[in-house]
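Encoded as structure tokens, the structure appears first; notes follow it.
The values are calculated or read from the model by the stated rules, or taken from the named source; none is laboratory data. Computed from a predicted structure; not experimentally measured. Here the Cβ positions follow ideal geometry from the backbone for every residue, glycine too, while neighbour counts run over all protein chains shown. For accessibility, only protein heavy atoms count, side chains too; no ligands or nucleic acids. Shrake-Rupley method; radii C 1.70, N 1.55, O 1.52, S 1.80 Å.
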Amino acid sequence: MLDLNFVRDHLELVEEKLRQRGMDPNELLRNFREIDTRRRAAITESENLKAQRNRASDEIAKLKKNKQDATALIEETKNLRGQIEEREKAAEAADGELREILNSIPNLPSDSVPVGHSEADNKEVRRWGTPREFKFAPKPHWELGEHLGILDLERAVKITGARFAVYWDLGAKLERALANFMLDLHTKEHGYTEVLPPFLVNADSMYGTGQLPKFEADLFKAPHGEKNLYLIPTAEVPVTNLYRDEILDPERLPISLTAYTPCFRSEAGSYGKDVRGIIRQHQFQKVELVKFTRPENSYDEHEKLTRNAETVLQKLGLPYRVVVLSTGDMGFSSAKTYDLEVWLPGQQLFREISSCSNFEAFQARRANIRYRPEGKKGTEFVHTLNGSGLAVGRTWLAILENYQQEDGSVLIPDALRPYMGVEKIEARKIG
């Protein structure tokens, strides 16, 4: 959420940044100035009426002390009380209207973000690795997985429905090996602390990271008593909300956390896209990286977090590129996002495998996460960052496609062999 005072004082800047995102400022901001003016007028009138009531109360006390008639003034204070309540209700109603507007406004893009209309305007930052040259036509992962007997989409449909998967034998072990490898790398080499959070969260948590109220259609929710709980779309939600409504010790910053969890997404509006294989699933597993930083350090920490995610791909020998998303392709809460896109030879394209974002104070303001800067009075909002380190399922399929052999087997990358206990996956009967 943006700061109300910032929007009020920099309304033209906010309008321009929204236009850079391809949005209509008039639609999002609506009659912001009129509502804000009405709210401030109601507050001023209320304060003036309270001062008038206080003066009347003092005069009533004097009259009573001198045993004089105070009936008229008493009646006046009753009328003032009603007028005050009326102004306070008007201010409260305007507050609600402004909060509704602020809830609908996305974060403002950093000045370093390229201005564009869509993903076509994203800018490539760097590449790593050289795509392998095959002496045969490489297959996509869904053909390899079926041939090897490690990926079963038909039984997943029977059990649950479309966009779910069953992994068998070494396919299941590869998923587990990847998660353990990523967690070990981030905790032992990159200094993150591992967390195992709940996979169901409340509405306040979803609001804190920006999923609610705007993106409720993308969530799976479960009735729980008089309220709903939500299956997490990413570990970003519970891990960021660990510190909701808390004031952090500045000496602890930056705080770097990592978590391995399932992720659940309804993929509303995506039907017909990526129907083959496991690119776009309702349930998938992911290792998440989350940071809480001082504002002045957040962009340096953003670069570090992105490099931490890249290290996973480098150690696995998977070619990839890094792109910075344009203003027209950014997420709602993000101020700047890098996407890591891994090369998939079976499909002859790059696919996003991690998004690494700096949210600045946008999430912290919604979740009320603060710290006390040294030498200053009061508190300030921290900056929050997160990124996939990595999406396990997409790393799984990237290994199949990049390490496939002509006979249909798949070699295991050297870094994963201690976790797998085998050097290759060969065909076997499924189930």
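Anything in region 1-21 that is assigned to a helix (DSSP H, G or I) and either hydrophobic (A, V, I, L, M, F, W, C) or touching a helix residue (DSSP H, G or I) at 6+ places or on another chain (Cβ under 7 Å) (or both)? List them, or say none.
4, 6, 7, 8, 11, 13, 14, 15, 18, 19, listed by residue number.
Which residues, taken from region 345-375, are free of Cβ contacts under 8 Å to residues at least 60 places away in the same chain and assigned to a loop (DSSP other than H, G, I, E, B)?
348, 375
Given the conditions (1) more than 30 Å from residue 15 (Cα to Cα); (2) under 30 Å from the mean Cα position of the chain (by Cα); (3) buried (at least 24 other Cβ atoms within 10 Å of the Cβ), and given that residue 385 satisfies all but one, which numbered condition is not satisfied?
Condition (1) is where residue 385 drops out.
For residue 201, indicate whether it is of a type in the set (A, V, I, L, M) and within 16 Å of the chain's Cα centre (by Cα).
Judged against the criteria, residue 201 is a match.
Please go through region 289-344 and pick out each residue that is out of contact with any Lys or Arg (no Cβ under 7 Å at 6 or more places or on another chain), of a type in the set (Asp, Glu) and part of a strand (DSSP E or B).
Residue satisfying the conditions is 339 alone.
So how many residues does region 412-427 have that are touching an Asp or Glu at 6+ places or on another chain (Cβ under 7 Å) and open to solvent by 50 Å² or more (accessible area, probe 1.4 Å)? It would help to see each step written out before you state the result.
From region 412-427, those touching an Asp or Glu at 6+ places or on another chain (Cβ under 7 Å) are 412, 417; that's our starting set.
Narrowing the set further to residues that are open to solvent by 50 Å² or more (accessible area, probe 1.4 Å) leaves 417.
The total comes to 1.
Which one is farthest from the chain's Cα centre (by Cα) among residues in region 22-45 that are in contact (Cβ under 8 Å) with a residue 24 or more places away in the chain and outside any helix (DSSP H, G or I)?
30
For residue 58, all conditions in the list (1) more than 30 Å from residue 30 (Cα to Cα); (2) in contact with a helix residue (DSSP H, G or I) (Cβ under 8 Å, 6 or more places away or on another chain) hold save one; what is the number of the exception?
Of everything listed in (1) more than 30 Å from residue 30 (Cα to Cα); (2) in contact with a helix residue (DSSP H, G or I) (Cβ under 8 Å, 6 or more places away or on another chain), residue 58 misses just condition (2).
Can you find even one residue in region 68-75 that is among the hydroxyl-bearing types (Ser, Thr, Tyr) and either surrounded by 12 or more Cβ atoms within 10 Å (Cβ to Cβ) or modelled with pLDDT of 95 or more (or both)? Break it down into steps so the answer makes sense when it comes.
The initial filter retains those residues of region 68-75 that are among the hydroxyl-bearing types (Ser, Thr, Tyr), namely 71.
Filter again for either surrounded by 12 or more Cβ atoms within 10 Å (Cβ to Cβ) or modelled with pLDDT of 95 or more (or both), leaving none.
No, that holds for no residue.
Quickly run through region 202-243 and pick out the residues that are touching a Ser or Thr at 6+ places or on another chain (Cβ under 7 Å), under 30 Å from residue 185 (Cα atoms) and not aliphatic (A, V, I, L, M).
208, 209, 210, 236, 238, 240, 241
Out of 257, 231, 253, I need the residue that is over 16 Å from the mean Cα position of the chain (by Cα) and touching a residue at least 12 places away in the same chain (Cβ under 8 Å). Which one?
253
Mind listing just one residue for me: the one in region 396-423 that is free of Cβ contacts under 8 Å to residues at least 60 places away in the same chain and over 36 Å from the mean Cα position of the chain (by Cα) and, of those, farthest from residue 135 (Cα to Cα)?
By that ranking, first place goes to 423.
Could you say whether any residue in region 250-272 is surrounded by 14 or more Cβ atoms within 10 Å (Cβ to Cβ), among the aliphatic types (A, V, I, L, M) and in a helix (DSSP H, G or I)?
no
Need a quick list: helices (runs of 4 or more DSSP H) entirely within region 85-193 having at least 1 residues that are free of Cβ contacts under 8 Å to residues at least 60 places away in the same chain.
Per the criteria, 153-159, 169-184.
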